[in-house]
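**Q** I'd like to ask some things about the structure below.
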Amino acid sequence: MKQLSALDQHRKAYQPKLPAALRQGVDRVRIKTGSATEPVKDKEAIQTAFPKTYGMPLLSFETVAENLPSKPLKVGVVLSGGQAPGGHNVIAGVFDSIRAINKDSVLYGFSGGPGGLEKGQYEIIGTEKMDAFRNTGGFDIIGSGRTKLETTEQFDRCIEVINKLQLDAVVIIGGDDSNTNAAILAEYFLGKGLSTSVVGIPKTIDGDLKTAQIPTSFGFDTAVKTYSELIGNIARDARSACKYWHFIKLMGRSASHITLEAGLQTHANVALISEEIEEKKQSLDQVVETVCRSVKSRAAQGKDYGVVLVPEGLVEFIPSIKSLIAELNHLLAEKESEFAALDSTAKKITALGDWLKAENAATFKSLPSSIQAQLMLDRDPHGNVQVSLIETEKLLSEMVNAKLKKDADYKGKFSAQHHFFGYEGRAAAPSNFDADYCYGLGCVAAVLIRNGKTGYMASIRNLSKGIEQWEAGGIPITMLFNMESRHGKLKPVIQKALVELKGPAFLELVKHRAEWEIEDSYLFPGPIQYFGPSEICDAITKTLALEMG
Ligand code: FBP
């Protein structure tokens, strides 16, 4: 028998709270059909790509007095992409709900991500296994993966597996790319006359899968609270030892939501926001100057310490580096074999320096060799640079150090420590918020499936209010699409939600940052609390509170 920590034992017994519409039991929920939807832009192209699922209505739920009978359901579940706290509770929500709808329902877990569906690698999730994973972090119940399902050959292999198991539905728990694929699969299945539903669940710690109907993706709450605890501890250490500047890179490859929220939670001296840097078209040197300003003004007060938060995607938002990465992506694909034949990193760096256009070559040559090497590493399956592998925190501190050395007015001592917080929070035990939200999303998915809905994402809105006011429903994924260029071709994709520079969360940072840059205004949020006063245990993120009012 697996040993459990004391916390795991307590959390196992936690009963997630549900939105009002689901409290009488999922077998008492009726779907209310709302108005037809359409995407904000590129309507024609999206309608052409999704003739069967375009324009579907918004769905909301209402409770009815009598039980609504259903046949046993066979449902497959897939965890896709990076871990996010609460994934196990989504599965628990689906598991409990389909069995409440009909006790003979069966849940299949596809292992290792979308590739498990394609290859037919699955296990039947039973009560004992499910119970062992309730309210726990990680995706280890069945594992996750980043295989992208995009070719018709892959779709057809999925259909073979689905037909063999006679699945009524597949639930895809993933981020923007995975939910895009869920909508493509739903459309493809309908085109092939297959009645199996595909339902998506909004997951990612990065917080960049967000719309009016999806106030936040699950996992963001727990991950950012975990990082904020650690940042608070570091700020306290910095203030005690008075000798280090801590450069902390935070996950969030495309958007800076995590850095923004952690900045608001801890009042770190500097919280760099990539979206702002891009909008202001700042150079790397200007970003370095932002940090130097804080270091110098604090040194003038005798404070040779501080905390700088760096979003992991930062380099891709600095226009000159963005242009360099775009050309590198192209070159690495075009000259793949020639590049692979070069037998040392030094030779590769020299070759790229020669192949790049003059402006990009100059940017490339200005970077330390460690960063040059990191920019050449393999791309992820979606063709993205793996920004988690680029040591931006070190790049910045080295450049800050070099700049300060040349500054005759600077009389302080600069010594840096580096940290990367990503994996520390990605599989943390879910906060009460994520435990409740995720379990609810799983229940919502089951209701959508029972009603034969496909191409929908499970949604719970009104999250800044108490759970009694949470609103469950379904949103057609096609309404979230726009057309974007991917590998040189225009494709329908869910638009990533970046930090809104006119939004209340960013404006809150702007309001205070001049003070935080100079003063020791640190807050020490401490660990996530699972038991105790509600204002601590059930607190939502500042981002959600500011955005939802
Ligand atoms: P998802 O977008 O799949 O949710 O993953 C987000 C993330 O945690 C990023 O913040 C990070 O850049 C990335 O995963 C790292 O993933 P991996 O460990 O697979 O390289």
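**Q** Can you count the Lys pairs in the stretch 372-467 with C-alpha separation below 24 Å, eight or more apart or on different chains? It would help to have the intermediate numbers written out before the result.
**A** Details: Lys394/Lys403; Lys394/Lys405; Lys394/Lys406; Lys394/Lys411; Lys394/Lys413; Lys403/Lys411; Lys403/Lys413; Lys405/Lys413.
Count of close lysine pairs: 8.
**Q** Convert each backbone phi in the stretch 165-173 into a coupling constant with the Karplus relation 6.51 cos²θ - 1.76 cosθ + 1.60 (shift: θ = phi - 60°), then list the ³J(HN,Hα) values in order as whole Hz, x for Gly and Pro.
**A** 8, 6, 6, 7, 7, 10, 9, 10, 9
**Q** Could you check what % of the DSSP bridge pairs in the chain are antiparallel, to the nearest 5? Working shown, then result.
**A** Values: 23 of 56 bridges.
Among the beta bridges of the chain, antiparallel pairing accounts for roughly 40 percent.
**Q** If you add up the charges near Glu153, with Lys and Arg at +1 and Asp and Glu at -1, over every other residue whose beta carbon is less than 12 angstrom from its beta carbon, what do you get? Walk me through the intermediate numbers first.
**A** Numbers: positive: Arg157; negative: Glu118, Glu150, Asp156, Glu160.
Once all neighbours under 12 Å are counted, the net charge is -3.
**Q** Moving to a separate point now. What angle, in degrees between 0 and 90 and rounded to the nearest 10, separates the Cα long axis of helix 392-405 from the longest principal axis of the Cα atoms of the chain?
**A** Compared with the principal axis, the helix lies near 20 degrees.
**Q** Shape of the stretch 248-318 from its Cα gyration tensor (a ≥ b ≥ c, root eigenvalues): rounded if a/c is under 1.5, otherwise prolate when a/b > b/c, or oblate?
**A** Numbers: a/c = 2.54, a/b = 1.39, b/c = 1.82.
In terms of gyration-tensor shape, oblate.
**Q** For the chain, what number results from the quotient of the Cα radius of gyration and 2.2 N^0.38 Å? Before the final figure, lay out the partial values.
**A** Values: Rg = 24.3 Å, N = 549, 2.2 N^0.38 = 24.2 Å.
Relative to the rule-of-thumb radius for its length, the chain sits at 1.00.
**Q** Do any of Lys119/Lys192; Lys12/Lys103; Lys129/Lys192; Lys203/Lys489; Lys210/Lys365 go past 28 Å between their Cα atoms, and which?
**A** Going by Cα-Cα distance, Lys129/Lys192; Lys210/Lys365 fall outside the 28 Å limit.
**Q** A further question follows. Along the stretch 340-351, what does the Karplus equation 6.51 cos²θ - 1.76 cosθ + 1.60 (θ = phi - 60°) give for ³J(HN,Hα), rounded to whole Hz, x for Gly and Pro?
**A** Using θ = phi - 60°, the values come out as 5, 6, 6, 9, 8, 4, 4, 5, 5, 4, 4, 4 Hz.
**Q** How big is the convex hull of the Cα atoms of the stretch 389-483, per residue, in Å³?
**A** Values: hull volume 22.2 nm³, N = 95.
Given the Cα convex hull of the stretch 389-483, per-residue volume reads 234 Å³.
**Q** OK, next. Run the helix sum for the chain: -39,500 (n - 2.57) per DSSP H stretch of 4+ residues, divided by residue count, reported at 222 nm to the nearest 500 deg cm²/dmol. Display every interim value, and only then the final one.
**A** Numbers: 22 runs with 237 residues, N = 549.
Here the helix-only value at 222 nm equals -13000 deg cm²/dmol.
**Q** In addition: Within a Cβ distance under 12 Å of Cys242, other residues only, what is the Lys/Arg minus Asp/Glu net charge?
**A** Values: positive: Arg236, Arg239, Lys243, Arg298, Lys303, Lys413; negative: Asp237, Asp304, Asp520.
Around Cys242, the charge tally is +3.
**Q** Using every pair of alpha-carbon atoms in the stretch 19-138, split the distances into 5 Å bins beginning at 0 and state the percent of pairs per bin, rounded to integers.
**A** Going from the shortest bin to the longest, the percentages are 2, 10, 14, 15, 16, 18, 16, 8, 2, 0.
Read-outs throughout are calculated quantities, based only on the coordinates presented, and are distinct from any laboratory measurement. For clarity, every value in this text was computed on a predicted model and none was experimentally measured. Counting neighbours? That spans all protein chains shown, and the Cβs are built from the backbone with ideal geometry, glycine included.
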